[in-house]
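J.: Mind looking over this structure? Questions follow.
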């Protein structure tokens, strides 16, 4: 497969190269006329020397150019209006300024040498791009450089799981779901280019359906973002942003390869992008596979291997009226399904090989150390088509985002019927987002609009039915107003949401062979073997949300942020109607159609300091949630966790734990703390601390000790990193860096102990390190990027309280043995990126 992918990429490269050389030489091609362009020169503030290769961009319009050898730049096709201009250069502080391009045609900029990045532009939200230091909503930005240096991350969510306030619930190295301040699943919206990701988020055992190699930037809202996205953004948003268009006249690409020593991870990707006079295009093709991971405690962990294939293509236009980009992508992941079963004498992993499952053989070494997936595995596919448009209309901009997604999730859980899925869910989603932004003058910025989605979930032929077939429709309208008073920035808005569910009644015929079958509508027969699986469901939920915040820049070095926001989340279909087994999670889910929607009120307070040699930040939050929904285990008559079979009948040896959903009042509070000390220009000592506390307040006052903490609350986490960066490098090695990191995770003794839902987790320490550089030729052109990262270098045996594998084991574990599966041991990852430039050489009409 790897050879086929490489061969296809080479053919595509040759074809595009041949086309580009002929086309750009043809009389039909003309280099851009600079007479109507926005122009300027970028220089060093101290020396006044030009800075060639500086990036000049207008994020709102997806327009990007680079300065030439004289530091000159020119941007064409800028619609009239007021937008943020951003200029950045390696080793210098970023320049950001709001400009009215209808009256301003040029700007010369002098950049200051800076060893820290104190500001950034964010595009996630309801209004136009804004400076992160001027927006009262707590946000964080991760760029391509940060992502590349996390070479050992197994997926796109793992790349951000070390950011203060962000964590992930995991099921092995390729399955991670984001949590923000102790909240996840349907409370965090993961979006790609602003289009919300929809793919059965309530499920535990599959990750985010996004190719990590296609993401160049990640923006995270840490707090209620219902104002932007409606229901399900009660905890925040993770917006994954794909590569921006390359400068006009450029055709750029790269070939990337990553190898991980622990599980033999092989991750390859091919990228190619072009821009011809505002016609932009790009493609990314990726392939990833890994064997079972290993640690000293468990050896190789059976059924944690995976295969993933991804592809995407983008075509679009950047013109004087704005831009419009059409994107299409495919995500196809095949993942083994672990269950943690072991031989009682040797504690070696065993596997199911018969339907009766009366005994299990020990997994042989040939099955442990292989890329071949076992018979029991899952396949998750996501097909996506979406369009992002920004059109100049009147005195403002009309922004439109429309998306189509088809998610197909299958779990193959029958060893003797390999072709029959145990679970077969098909979810079709249409999303819409239309808003109008207008700059009213006197620093007033108004945005209003409507967004929502339509969903249809159906059940293909399968043997397990955890949720019903249903229709869902969301609609929400909103308005946001921003105003600046010199050093003070204010932002506030209101939103109203409506969500409606229409679930189908369904019956199961247990006499059907070889497995039970599902029927919709009226009871198809009066025999006792036909039972109702799902009742008809017609529910609707409404909610009013809002946000108000302020940022005050006392000086260029110190600012204060404060924000208060109300969030809304309608219950998910699983929480309302679940009644069946989910094989991959080993859980039999039971919902409750009487649930009320969740509402939360979160207060945020942040302090930010940026001095020449020290930068620091403190973000405090308090989140009160009403009608908080969570799962708890059901106990049998003896007070032990109830085990059931596929049909829900009680069985002490059943393969599923039974969980039900409940509601309560809850509070989550804590803080994120950062201190970055940089005594000399090339050295940083970065330190962060994350505190998250989640408490159950009950519906009627006091609760029992075993109930007073919420599930999946991460423990105290500290991260320290000594990071050296040598921008000028050594000879042919430029932008060199090296770091040593130390992570401490405290014990988690504040866990949801009732019904044995969670257990105590011991604390642990992890050591990491990395090096990297760019290799350049004699002309200074980049020919290779190298990134090496080592994780858990001390090979510590540990279990994260956020790992679901911690609870995968036999129903009965020998005394004195720590149950569950441990996390990955030592892993060293090597990433190599080979960039290439097949742009035509421009010989005329250079900026002068």
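The values are calculated or read from the model by the stated rules, or taken from the named source; none is laboratory data. Everything quoted here is computed from the prediction, not taken from an experiment. Every residue, glycine among them, receives a Cβ derived from its backbone with ideal geometry; neighbour counts consider all protein chains shown.
J.: Restricting to strands (runs of 3 or more DSSP E) lying wholly in the range 143-222: which have 1 or more residues that are within 11 Å of the chain's Cα centre (by Cα) and within 21 Å of residue 467 (Cβ to Cβ)?
T.: Values: elements: 166-170, 176-180, 188-192, 217-222.
So the answer is 176-180, 188-192.
J.: State yes or no: is residue 710 touching a residue at least 24 places away in the same chain (Cβ under 8 Å) and touching a helix residue (DSSP H, G or I) at 6+ places or on another chain (Cβ under 9 Å)? Break it down stepwise before answering.
T.: Working: touching a residue at least 24 places away in the same chain (Cβ under 8 Å): yes; touching a helix residue (DSSP H, G or I) at 6+ places or on another chain (Cβ under 9 Å): no.
No; evaluated as a whole, the condition is false for this residue.
J.: Taking the conditions exactly as written (part of a strand (DSSP E or B), out of contact with any helix residue (DSSP H, G or I) (no Cβ under 9 Å at 6 or more places or on another chain), within 29 Å of residue 200 (Cβ to Cβ) and touching a residue at least 24 places away in the same chain (Cβ under 8 Å)), does residue 383 satisfy them or not? I'd like the intermediate steps shown before the answer.
T.: Details: part of a strand (DSSP E or B): yes; out of contact with any helix residue (DSSP H, G or I) (no Cβ under 9 Å at 6 or more places or on another chain): yes; within 29 Å of residue 200 (Cβ to Cβ): yes; touching a residue at least 24 places away in the same chain (Cβ under 8 Å): yes.
Yes.
Every residue, every condition in (1) in contact (Cβ under 8 Å) with a residue 60 or more places away in the chain; (2) in contact with a strand residue (DSSP E or B) (Cβ under 9 Å, 6 or more places away or on another chain); (3) crowded, with 16+ Cβ neighbours inside 10 Å, yes or no:
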{"position": "73", "(1), (2), (3)": "yes, yes, yes"}
{"position": "83", "(1), (2), (3)": "no, yes, yes"}
{"position": "105", "(1), (2), (3)": "yes, yes, no"}
{"position": "112", "(1), (2), (3)": "yes, yes, no"}
{"position": "124", "(1), (2), (3)": "yes, yes, yes"}
{"position": "127", "(1), (2), (3)": "yes, yes, yes"}
{"position": "137", "(1), (2), (3)": "yes, yes, yes"}
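J.: Might you let me know whether the range 440-454 holds any residue that is under 30 Å from residue 532 (Cβ atoms), under 28 Å from the mean Cα position of the chain (by Cα), crowded, with 20+ Cβ neighbours inside 10 Å and in contact (Cβ under 8 Å) with a residue 24 or more places away in the chain? Before the answer, list the steps.
T.: Start the filter on the range 440-454 by keeping residues that are under 30 Å from residue 532 (Cβ atoms), which leaves 453-454.
Going one step further and asking which of them are under 28 Å from the mean Cα position of the chain (by Cα), we end up with 453-454.
Pick out the ones that are also crowded, with 20+ Cβ neighbours inside 10 Å and you get 453.
With in contact (Cβ under 8 Å) with a residue 24 or more places away in the chain added as a condition, the list becomes 453.
Yes, the range 440-454 has at least one match.
J.: Shifting gears a bit: Limited to the range 758-781, what total is found for residues that are crowded, with 20+ Cβ neighbours inside 10 Å and in a loop (DSSP other than H, G, I, E, B)?
T.: Number of matching residues: 1.
J.: Could I ask something else about it? Looking at the range 52-98, what strands (runs of 3 or more DSSP E) fall wholly within it and have at least 1 residues that are closer than 24 Å to residue 324 by Cα, under 30 Å from the mean Cα position of the chain (by Cα) and modelled with pLDDT of 90 or more?
T.: Output list reads 55-58, 63-66, 82-88.
J.: Looking for something farther than 22 Å from residue 250 by Cβ and surrounded by fewer than 18 Cβ atoms within 10 Å (Cβ to Cβ) - is there at least one such residue anywhere in the range 271-294?
T.: no
J.: While we're here: Take residue 660 and tell me if it is surrounded by 14 or more Cβ atoms within 10 Å (Cβ to Cβ), under 34 Å from the mean Cα position of the chain (by Cα) and either assigned to a loop (DSSP other than H, G, I, E, B) or touching a residue at least 40 places away in the same chain (Cβ under 8 Å) (or both).
T.: On the way: surrounded by 14 or more Cβ atoms within 10 Å (Cβ to Cβ): yes; under 34 Å from the mean Cα position of the chain (by Cα): yes; either assigned to a loop (DSSP other than H, G, I, E, B) or touching a residue at least 40 places away in the same chain (Cβ under 8 Å) (or both): yes.
Against the criterion (surrounded by 14 or more Cβ atoms within 10 Å (Cβ to Cβ), under 34 Å from the mean Cα position of the chain (by Cα) and either assigned to a loop (DSSP other than H, G, I, E, B) or touching a residue at least 40 places away in the same chain (Cβ under 8 Å) (or both)), residue 660 qualifies.
J.: Looking only at the range 583-594, filter to residues that are outside any strand (DSSP E or B) and out of contact with any helix residue (DSSP H, G or I) (no Cβ under 6 Å at 6 or more places or on another chain); which one of those is modelled with the lowest pLDDT? Break it down stepwise before answering.
T.: Let us first name the residues in the range 583-594 that are outside any strand (DSSP E or B), namely 583-586, 591-594.
Next, only the ones that are out of contact with any helix residue (DSSP H, G or I) (no Cβ under 6 Å at 6 or more places or on another chain) stay: 583-586, 592, 594.
Numbers: 583: 73, 584: 67, 585: 70, 586: 76, 592: 92, 594: 93.
Ranking the candidates gives 584 first.
Each row is one residue, and each column tells you yes or no for (1) farther than 27 Å from residue 544 by Cα; (2) at pLDDT below 95.
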| site | (1), (2) |
| --- | --- |
| 435 | no, no |
| 438 | no, yes |
| 445 | no, yes |
| 449 | no, no |
| 455 | no, no |
| 460 | yes, yes |
| 469 | yes, yes |
| 476 | no, no |
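J.: Taking the range 202-237 as the region of interest, how many residues are in contact with a strand residue (DSSP E or B) (Cβ under 8 Å, 6 or more places away or on another chain) and over 29 Å from residue 270 (Cα atoms)?
T.: Of the residues in the range 202-237, 18 are in contact with a strand residue (DSSP E or B) (Cβ under 8 Å, 6 or more places away or on another chain) and over 29 Å from residue 270 (Cα atoms).
J.: Taking residue 185 as the residue in question, decide whether it is surrounded by fewer than 24 Cβ atoms within 10 Å (Cβ to Cβ) and at positive phi.
T.: Details: surrounded by fewer than 24 Cβ atoms within 10 Å (Cβ to Cβ): yes; at positive phi: yes.
Considered against the rule, which asks whether it is surrounded by fewer than 24 Cβ atoms within 10 Å (Cβ to Cβ) and at positive phi, residue 185 comes out as yes.
J.: So, one more: Examine the range 26-45 for a residue that is touching a helix residue (DSSP H, G or I) at 6+ places or on another chain (Cβ under 8 Å), surrounded by 19 or more Cβ atoms within 10 Å (Cβ to Cβ), modelled with pLDDT under 90 and assigned to a loop (DSSP other than H, G, I, E, B), and state whether such a residue exists.
T.: Going through the range 26-45, the residues touching a helix residue (DSSP H, G or I) at 6+ places or on another chain (Cβ under 8 Å) turn out to be 29.
Of the ones still in play, those that are also surrounded by 19 or more Cβ atoms within 10 Å (Cβ to Cβ) are none.
Checked the range 26-45: no residue is touching a helix residue (DSSP H, G or I) at 6+ places or on another chain (Cβ under 8 Å), surrounded by 19 or more Cβ atoms within 10 Å (Cβ to Cβ), modelled with pLDDT under 90 and assigned to a loop (DSSP other than H, G, I, E, B).
J.: Which is touching a strand residue (DSSP E or B) at 6+ places or on another chain (Cβ under 7 Å), without any contact (Cβ under 8 Å) to a residue 40 or more places away in the chain, on the phi < 0 side of the Ramachandran plot and part of a strand (DSSP E or B), of 601, 560, 620?
T.: 601
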